[in-house]
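Notes for the one structure printed next.
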């Protein structure tokens, strides 16, 4: 079972660019969770006086916790947002690495001269690579 439930890529004006789910989950519920987390993400990036975030670190950390999920956030220098909905027990370091790799995949997808800027990404290679990243993150084993 994958520890990642959804990956979302959102444009600077909160337009959806990429959304992929994993496992047996209700897509509409995950879309709602991501949408709610966008409000928290916007609050975090608007607060310029925060001292706990380095200016060169795009990883925003944990945005929201629900009864089943944790939502993590990342923002690019062009204000594109990456959100990952994961299980509660996933480690922050795994999420941070995954977000950096997803950001690189996003840059590769938009580097295609035939892809219009600001339009949703439907590249099969990106879908396949994100799925590989999501399935690589597994739930930590519990101590017995």
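Since every read-out is calculated from the coordinates, none of them should be taken as a lab result. What you are looking at is a predicted structure, and each value in this text was computed from that prediction instead of being measured. As a convention, Cβ positions derive from the backbone with ideal geometry for all residues, glycine included, and neighbour counts pool all protein chains shown.
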Using just the helices of the chain, give the 222 nm mean residue ellipticity in deg cm²/dmol: DSSP H runs with n ≥ 4 each add -39,500 (n - 2.57), and the total is spread over all residues, rounded to 500. -12000 deg cm²/dmol
Using label points projected 7 Å from each Cα along Cα→Cβ, tell me how many nm separate residue 40 and residue 66, to one decimal. 1.1
Cα centroid distance between the range 1-51 and the range 53-127, in Å? 9
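If you take the Cα atoms of the chain, find Rg, then find the Kirkwood Rh from the mean of 1/r over all pairs, what is Rg/Rh?
Taking Rh as the inverse mean 1/r over Cα pairs, Rg/Rh reads 0.95.
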Cα→Cβ-extended label distance, 7 Å offset, between residue 97 and residue 135, nm: 1.8
For the chain, modelled as a GNM with alpha-carbon contacts under 10 angstrom, which of 129, 88, 43 fluctuates the most? 43
Any chance you could run the full-extension gain for residue 57 through residue 27? It's 0.36 nm times the residue separation minus the Cα-Cα distance, nm to one decimal. 7.8 nm
Per the 1/(1 + (r/R0)^6) rule, R0 = 41 Å and r from the Cβ atoms of residue 89 and residue 117, FRET efficiency to 0.05 is 0.65
